[in-house]
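See below for the structure under consideration.
Every read-out reported here was derived from the displayed coordinates using simple, explicitly stated rules and does not represent laboratory data. All values reported here derive from a predicted model rather than from experimental measurement. Every residue, glycine as well, gets a Cβ built from its backbone with ideal geometry; the counts of neighbours run over all protein chains shown.
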Amino acid sequence: MLKNIIEISKEAGSIIREGFGKNNIVEFKTDEGNLVTEIDKRSEKTIINFIKKNYPKDSILAEEGSNSKGSSDNLWIVDPLDGTTNFTHGLPIFAVSIGVIKKDEIIAGVVYDVMNEIVYSAENGSGAFANDKQIRVSSNDRIGRSLLATGFAYNVKDNPQHSFEKFTAVTKSARAVRRLGSAALDICHVAKGIYDGFWEINLEPWDVCAGMIISKEAGGTVTDFSGEEIDIYSKQILVTNGKVTERLLNLLSKN
Ligand code: IPD
Ligand code: CA
Ligand code: CA
């Protein structure tokens, strides 16, 4: 199955790469901050057609609305283009993210870094990979030496839920905090040991599903801000290398 997910992620990635820098039609979903382009839709359609053809009994939850209920235990979670704002503005940081859940467990995940042509992938119990190379989280245990990342949901202006306070508090403690605009890639960058941790509020299942299995298989931890294990529907996510977790939990829960 993983081989197939990688193949379709790359196919969707080619559509995105081909559309990058062109004058794509952009629509507003809820407001001017929340965009969808014709490329998001074309990428989703390609992935959905593939799932329906090859796994006709499986269920699908996809960001742009191609949802369906099947008779098997498998549920595909699809973000056809994670980082649409970057894509629309010509910033080459975005990904395709596809995860598969069986009953309540994530069994496979692929995040395709479209412009760098890096496939992050993982299957339950088999480790995490960037293309053919196995990846591991970093070993840094000092918050002051940490490079961290976060993001802000589209509704942050109406519903900040202390995002800014958390950002300020962590920035004062870490070496640096980045905000690059693709949660799926952020999580994979923890898995690859680039970031020591990542947190965000109000992400959606398709932003985190594939990244969750990839980071866990790379030795990372995935919790909410109380340190409890989460599922893909959680409104808080903290992904770390397992070494700076306590300090981050402290900062995130108190600010
Ligand atoms: C967004 C990105 C971004 C995160 C937002 C997401 P989209 O996904 O992952 O990094 O901060 O919360 O909605 O809309 O570009 O697929
Ligand atoms: Ca997304
Ligand atoms: Ca998206």
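Limited to region 179-204, what total is found for residues that are over 18 Å from Ser253 (Cα atoms) and aromatic (Phe, Trp, Tyr)?
1
Quickly run through region 155-182 and pick out the residues that are within 16 Å of ligand 2 (Cβ to nearest atom) and surrounded by fewer than 16 Cβ atoms within 10 Å (Cβ to Cβ). Steps first, answer last, please.
Going residue by residue through region 155-182, those that are within 16 Å of ligand 2 (Cβ to nearest atom) are 155-156, 179-182.
Of everything in region 155-182, those that are within 16 Å of ligand 2 (Cβ to nearest atom) and surrounded by fewer than 16 Cβ atoms within 10 Å (Cβ to Cβ) turn out to be Asn155, Val156, Arg179.
Yes or no: Leu185 crowded, with 16+ Cβ neighbours inside 10 Å and either closer than 20 Å to Phe94 by Cβ or more than 18 Å from the chain's Cα centre (by Cα) (or both)? Write out each step before concluding.
Details: crowded, with 16+ Cβ neighbours inside 10 Å: yes; either closer than 20 Å to Phe94 by Cβ or more than 18 Å from the chain's Cα centre (by Cα) (or both): yes.
When the stated conditions are applied, Leu185 passes them.
If you go through region 213-220 one residue at a time, do you hit one that is in a loop (DSSP other than H, G, I, E, B) and among the acidic types (Asp, Glu)? Can you show your working first?
At the first step, the residues of region 213-220 found to be in a loop (DSSP other than H, G, I, E, B) are 218-220.
Checking the rest, the ones that are also among the acidic types (Asp, Glu) come to none.
No, because not a single residue in region 213-220 is in a loop (DSSP other than H, G, I, E, B) and among the acidic types (Asp, Glu).
Identify all residues within region 15-28 that are surrounded by 13 or more Cβ atoms within 10 Å (Cβ to Cβ) and either touching an Asp or Glu at 6+ places or on another chain (Cβ under 9 Å) or free of Cβ contacts under 8 Å to residues at least 24 places away in the same chain (or both); write none if there are none.
Step one: list which residues in region 15-28 are surrounded by 13 or more Cβ atoms within 10 Å (Cβ to Cβ), which gives 15-17, 19-20, 24, 26.
Scanning region 15-28 gives Ile16, Arg17, Gly19, Asn24, Val26.
Table: residues versus (1) among the hydroxyl-bearing types (Ser, Thr, Tyr); (2) within 17 Å of Leu2 (Cβ to Cβ); (3) more than 15 Å from ligand 2 (Cβ to nearest atom).
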site: Asp40; (1), (2), (3): no, no, no
site: Thr46; (1), (2), (3): yes, no, yes
site: Glu64; (1), (2), (3): no, no, no
site: Lys69; (1), (2), (3): no, no, yes
site: Leu75; (1), (2), (3): no, yes, yes
site: Thr88; (1), (2), (3): yes, no, no
site: Phe94; (1), (2), (3): no, no, no
site: Gly125; (1), (2), (3): no, yes, yes
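If you scan region 232-249, which residues turn out to be more than 19 Å from Ala128 (Cα to Cα) and either among the polar types (S, T, N, Q) or outside any strand (DSSP E or B) (or both)? Before you say what the answer is, go through the steps one by one.
Filtering region 232-249 down to residues more than 19 Å from Ala128 (Cα to Cα) leaves 233-237, 244-249.
Passing the criteria: Tyr233, Ser234, Lys235, Gln236, Val244, Thr245, Glu246, Arg247, Leu248, Leu249.
Residue by residue through region 60-91, note down the ones that are within 26 Å of Thr37 (Cβ to Cβ) and more than 14 Å from ligand 1 (Cβ to nearest atom).
Pass one, region 60-91, residues within 26 Å of Thr37 (Cβ to Cβ): 60-68, 75-91.
Ile60, Ser66, Asn67, Ser68, Leu75, Trp76, Gly90, listed by residue number.
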